[in-house]
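The values are calculated or read from the model by the stated rules, or taken from the named source; none is laboratory data. Computed from a predicted structure; not experimentally measured. Cβ sites come from the backbone with ideal geometry, for glycine too, and all protein chains shown count toward neighbours.
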Amino acid sequence: MNQNERKTVLHRMLLLIAVACVIMGLYAMRLIFLQLVNGDDFKAKATNTTDYNFTVTAARGDIVDSAGRRIATTATSYNVVLNKLLMGDRDLDAMLQQIVELLRENGESWNDTLLIGQPDAAGRYAFTDDDSSASDQKQLADMKETLGLQQYATANDVMEMLVEKNELQGFSLEWQRVLAGIHYEMDRQAFSNVNNFVMAENVSAATVATIKEHSLQLPGVEIVETSARSYDQSDIIPAVLGRVGKITAEKWKVTDSNGQVTYPLREKGYNMNDVLGISGLESVYEDELRGKDGVETITRNSDGVIVDTRLTTVPEPGHTVQLTIDSNFQRAVDKALAENIDMINRVYNTGTMKAAAGAVVVLDVKDGSVMAASNYPSYDQNLYASNYSEYSSDPSLPLFNRALQGLYTPGSTFKPAVAVAALDSGLINQYSTVYCNGVYNYFKDYHPRCTRHGHSGNIDVITAIKWSCNIFFYDVGRRLTSDVYDAYAYKLGLGQRTGVEVGEALGRLTTKNDSNYTASLDVQAAIGQGNTVVTPIQLATYAATLANNGTRYRTHFVKAILDTNTGEVLSETKPEVMDVIEGTGNTFELVRQGMKQVPSTISGKISSYPVPIACKTGTPQRSETYASGKHYLNAMMVAYLPADDPQIAIGITIEYGGYGARTGDLVVDIANAYFALKDGSLAQQAEEEKEAEQAQQEKQDASQTDAAGQTAVGQTADTAAPQAGQAAPAAQDAAPEGPAADTAQPAVQDGPDAAQAEQNPDAIAPEN
């Protein structure tokens, strides 16, 4: 390179450097200008963010038995949740289609409560409501009102409105129905930037994995871990425990008679898709079990970028509700009741109606706490949803809470109440007698009878209770009148609420205000007939009050409220006296002597039981007859033991059970279970039975696996392989959450005109 060329290169380099310096100077000047002139504006823009708060549901508190064993608990489950904030500007319907396809591949359903089916071949839609369901009819009416349609609008009218509203015209009819249902549900859940949409609940692990695999294509579609109610001991008092369920539109939006709309649950801090107790103890103790929800805060800047996600409020789990029931003892009573009903059906064969249902309640005499509340038949809490149709159609009504809501004529179990009234009022004493010749001849045109089973002649109160002499109580009842003995029966716990935390039937006693009242009805009511009906839990409360010499405690299921994290006792149910009969002289001692002698009149284990038992049988007629006009009978029993130092009280009802004496072995089985509970052997026995059941189940599973393997080997490829293009499983409709027991009735209630003497199905009914 010569000198001229070098000069040229140098000049060019200098020129480039000069140009670069100028450019850099301009940039520097621009930056200075922006900093000095517009700096505040840019700073404000950079810090201009918006916080969005989302609820983090707290775990529901446990329900445990008296020993701390879990009955109801919370189990981790997974929901598919749509976060509108994180979805951005993506095509919502396209994403919904993709999600639906993924759910279908795994056999999952999604939230869709739109009561319209898929269109037929002609493109016509039809409502899928149940004409007999008030809930369905209200939902349809609310849907039409919300959409601005007249109540006579057809399913096609509704779909047309939903398609137009959500701009679904470009989709096939089938997809229009699917997407319209999801949009409808989104509206019901108030889907927005601050309120997520739960699209699918309790999905499988396979679905969780599938959704996460497609997370890049599905922004804002999240798998959210949540708590679902599960039952570790699903056979323990399911009807008393009750159920949880999602908030319905009816509960969320309440319209009063003046048309005023309120949202009571929202005011309490609930969200539309929250779960709450809807029946039983789950509902009564909702405030304790619910817990306090947490808050997750998502921060987005002005450009729409998520800059922070944090848990600003930690959720607090609900409190633990501890019951008075020991689950091992409850299960033993359940078993004893089932075996007693089976024995009655095997040994006795009277008429075509067999004993198929019954109830037992066992109380702690000292404080009124419920130790067991058995219903037969019953149901499995974990199978409620899947077996709801079977349960609800069963004529034996397994969903019905007979122990608390079944109303039954007490029969001769009522006689100790009349004895207390007569002794305490001074009408009779221990030496007073009534002559029994088998027929009560006080009335000219009405002559009720007595079997004179084991007795005749002059009968005192102890003997009358022992042998259940009708003539004695006819005469005493007539002289007392129902006004007097009813007042004592109320105080003893019959015909009124026991105080339990969950719903119970009130029952009633026969009174002079009854429309069919006659003087003869007074004498029939004195032996527990007439119009008198009571519940098994009232019978147990009554027995406990007799055992306590007239002191009646509030009957209750809950022992304490505990802190779930620490186990600390936050509150405890104290014994509460509801009523007292002072009892003059030896009133209750005489009644006890009579009841202590009843077991000697009953064949079976109870007559020779080493621990003294005080009891009274009852054999009330049912309205149905068989053979030559003989009435079917219920078997009733009240008992407490040990008779001289009462610890537990028992009330028993067996529908179509026949004579009350047939429940004697059941009382003994309950007593044995109680003493086993006290000495600790019941828990050991329960554990051994559990291990045996598990071993048997494992053996059965292994046998089924072997059989399935052998079958598979013998199958051809054509029959074993799934066919191409096979349709995905259809989404299953969930069973109703509400308890069927709320509307169920006993199979047959005792008629108000039922009248019969103890162990005498030929007794004459009073004239109505």
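Here are some notes:
- Condition check for TYR517: of a type in the set (Ser, Thr, Tyr) and either crowded, with 22+ Cβ neighbours inside 10 Å or not assigned by TED's automatic domain parsing to the domain that holds VAL420 (or both): no
- The single condition among (1) out of contact with any His (no Cβ under 9 Å at 6 or more places or on another chain); (2) free of Cβ contacts under 8 Å to residues at least 40 places away in the same chain; (3) surrounded by fewer than 24 Cβ atoms within 10 Å (Cβ to Cβ) that LEU641 does not satisfy is (3).
- In the range 92-99, the condition of being β-branched (Val, Ile, Thr), buried (at least 16 other Cβ atoms within 10 Å of the Cβ) and farther than 30 Å from GLY318 by Cβ is met by at least one residue.
- Only one entry of THR518, THR532, THR545, THR510 meets the criterion of being among the hydroxyl-bearing types (Ser, Thr, Tyr) and within 20 Å of MET595 (Cα to Cα), and that entry is THR545.
- Annotation note: of PHE197, PHE171, the sole residue that is closer than 30 Å to GLY88 by Cα, of a type in the set (Phe, Trp, Tyr) and in contact with a helix residue (DSSP H, G or I) (Cβ under 6 Å, 6 or more places away or on another chain) is PHE197.
- Being farther than 30 Å from ALA58 by Cα and not acidic (Asp, Glu) holds for only one residue in THR541, THR566, THR573, and it is THR541.
- Single match in LEU423, LEU407, LEU399 (criterion: surrounded by 19 or more Cβ atoms within 10 Å (Cβ to Cβ), out of contact with any helix residue (DSSP H, G or I) (no Cβ under 8 Å at 6 or more places or on another chain) and not β-branched (Val, Ile, Thr)): LEU407
- When residues in the range 269-314 are screened for being part of a loop (DSSP other than H, G, I, E, B) and either in contact with a strand residue (DSSP E or B) (Cβ under 9 Å, 6 or more places away or on another chain) or not acidic (Asp, Glu) (or both), 15 of them pass.
- Scanning the range 384-410 for residues that are among the hydroxyl-bearing types (Ser, Thr, Tyr) and without any contact (Cβ under 8 Å) to a residue 40 or more places away in the chain gives a single hit, SER393.
- Counting the residues of the range 367-396 that are closer than 18 Å to GLN538 by Cβ and in a loop (DSSP other than H, G, I, E, B) gives 2.
- Taken over the range 446-463, the residue count meeting the criterion of being in contact (Cβ under 8 Å) with a residue 40 or more places away in the chain and either of a type in the set (D, E, K, R) or surrounded by fewer than 24 Cβ atoms within 10 Å (Cβ to Cβ) (or both) is 8.
- Scanning the range 83-141 for residues that are of a type outside the set (A, V, I, L, M), in a helix (DSSP H, G or I) and modelled with pLDDT under 90 yields LYS84, SER135, ASP136, GLN137, LYS138, GLN139.
- Residue match in the range 96-107 (condition: touching a helix residue (DSSP H, G or I) at 6+ places or on another chain (Cβ under 8 Å) and farther than 30 Å from GLU225 by Cα): no
- Residues in the range 64-82 that are β-branched (Val, Ile, Thr) and modelled with pLDDT of 90 or more: VAL64, ILE71, THR73, VAL80, VAL81.
- Here the condition is being in a helix (DSSP H, G or I), of a type in the set (D, E, K, R) and either buried (at least 22 other Cβ atoms within 10 Å of the Cβ) or free of Cβ contacts under 8 Å to residues at least 60 places away in the same chain (or both); of ARG266, ARG331, it holds for ARG266 alone.
- Residues that are outside any loop (DSSP other than H, G, I, E, B) and surrounded by 12 or more Cβ atoms within 10 Å (Cβ to Cβ), drawn from the range 552-576: ARG552, TYR553, HIS556, VAL558, LYS559, ALA560, ILE561, LEU562, VAL569, LEU570
- Top-ranked residue of the range 280-323 - restricted to ones that are out of contact with any Ser or Thr (no Cβ under 9 Å at 6 or more places or on another chain) and of a type in the set (A, V, I, L, M), ranked as nearest to GLY242 (Cα to Cα): LEU281
- Residues located in the range 607-630, provided they are touching a residue at least 60 places away in the same chain (Cβ under 8 Å) and over 35 Å from the mean Cα position of the chain (by Cα): TYR609, VAL611, TYR626, ALA627, LYS630
- Extreme residue, modelled with the lowest pLDDT, among residues of the range 437-459 that are part of a strand (DSSP E or B) and either touching a Ser or Thr at 6+ places or on another chain (Cβ under 6 Å) or farther than 19 Å from SER520 by Cβ (or both): GLY457
- Among the residues making up the range 360-396, those that are aliphatic (A, V, I, L, M) and surrounded by fewer than 17 Cβ atoms within 10 Å (Cβ to Cβ) are LEU383, ALA385.
- Options GLU589, GLU576: the member that is touching a Phe, Trp or Tyr at 6+ places or on another chain (Cβ under 7 Å) and at pLDDT 95 or above: GLU576
- Residue-level check: of (1) farther than 30 Å from LEU85 by Cα; (2) modelled with pLDDT of 65 or more; (3) out of contact with any Gly (no Cβ under 6 Å at 6 or more places or on another chain), GLY61 misses just (3).
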